[in-house]
Amino acid sequence: MLIRIQTEAFDLATVLQGFGTGAGAIVTFSGLVRDDTGGMTALELEHYPGMTEKAVTDIAHRAVERWSLIDCAVIHRHGRLPVGAPIMMVATAARHRADAFAAAEFLMDYLKSRAPFWKREIGPDGPGDWVEAKDADEAALSRWDPQA
């Protein structure tokens, strides 16, 4: 299992070298900084070192156990990231594709809603407000755990 919280960009091909040996399926997802408002130049992400790594590791362990994953990788960046920059990636390896896909979606939903990152949009005039949680993200999370 690979868990990284970092400022540096990552290379998906490098991360996947040797990943999931013996698996029947590998699923990957890379998230990019997007501009939903039309005036954003960057996204600033803050976190508490130690706390964030523990939370992401705990989420990854849940996925590994629930879907009997052969391997799992999560990389999430922090700091100031320009629009279009890779912000995170998830990779899951399982014997069967359904488990690899489900575990990847589970991880993405939990990272979006429960990983302790704080996000603020940066525009041409400087920092804006901190981004609020979205109802749609909470709804997506509830399919995995109705008590979430």
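The values are calculated or read from the model by the stated rules, or taken from the named source; none is laboratory data. The shown structure was predicted, so the numbers you read here are calculated from the model rather than taken from an experiment. Positions of Cβ are backbone-derived with ideal geometry, glycine not excepted, and every protein chain shown enters the neighbour counts. The protein model used for the area step is the full one, side chains on, heavy atoms only, and it has no ligands, DNA or RNA in it. Shrake-Rupley method; radii C 1.70, N 1.55, O 1.52, S 1.80 Å.
Taking amide H positions as placed 1.01 Å from N in the peptide plane, with prolines and chain starts having none, which residues 5 or more places from H78, or on another chain, fall under 5 Å of its amide H?
Those lying under 5 Å, H to H, from H78 are Q6, T7.
Non-local amide H neighbours of I3 (under 5 Å, H modeled in plane, Pro and chain starts lacking H): which ones?
Excluding prolines and chain starts, which carry no amide H, the hits are V74.
What order, most packed first, do the peptides 25-37, 89-101 have when packing is the mean number of other Cβ atoms within 10 Å of each residue?
Ranked from most to least packed, the peptides come out as 89-101, 25-37.
Output ³J(HN,Hα) for segment 35-43: one whole-Hz value per residue in order, computed from phi by the Karplus curve 6.51 cos²θ - 1.76 cosθ + 1.60 with θ = phi - 60°, and x for Gly and Pro.
In residue order, the calculated couplings are 10, 7, 9, x, x, 8, 10, 7, 10 Hz.
How large is ³J(HN,Hα), in whole Hz, for each residue of segment 71-79 in order, when computed from phi with the Karplus curve 6.51 cos²θ - 1.76 cosθ + 1.60 and θ = phi - 60°, using x for Gly and Pro?
Each residue of segment 71-79 in turn: 7, 8, 9, 9, 10, 9, 8, 9, x Hz.
Dipole magnitude of the chain about its Cα centre, charges +1 at Lys/Arg Cβ and -1 at Asp/Glu Cβ only, in debye to the nearest 20?
It works out to roughly 460 debye.
Taking the Cα centroid of segment 109-148 and of segment 25-92, what is the distance between the two, rounded to the nearest whole Å?
Comparing the Cα centres of segment 109-148 and segment 25-92, I get a distance of 12 Å.
Would you calculate a helix-derived [θ] at 222 nm for the chain, using -39,500 (n - 2.57) for each DSSP H run of n ≥ 4 and dividing by the full residue count, to the nearest 500?
Counting only the DSSP helices, I get -10000 deg cm²/dmol.
Quick check: at a probe of 1.4 Å, how many percent of the accessible area of segment 42-88 sits on carbon and sulfur atoms?
56 percent
Relative contact order of segment 26-88, please, whole-number percent, based on alpha carbon pairs below 8 angstrom and at least 6 residues apart.
Computed value for segment 26-88: 55 percent relative contact order.
Below 8 Å between Cα atoms, with a sequence gap of 6+, how large is the relative contact order for segment 1-114 in percent?
After rounding, I find 40 percent.
Work out from phi, with θ = phi - 60° and the Karplus expression 6.51 cos²θ - 1.76 cosθ + 1.60, the ³J(HN,Hα) of each residue of segment 48-65, listed in order in whole Hz, and give x for Gly and Pro.
9, x, x, 5, 5, 4, 5, 4, 5, 4, 4, 5, 5, 4, 4, 5, 4, 5
Inverting the mean 1/r over all pairs of different Cα atoms, compute the Kirkwood radius of the chain and quote it in Å.
Result for the chain, one decimal place: 15.9 Å.
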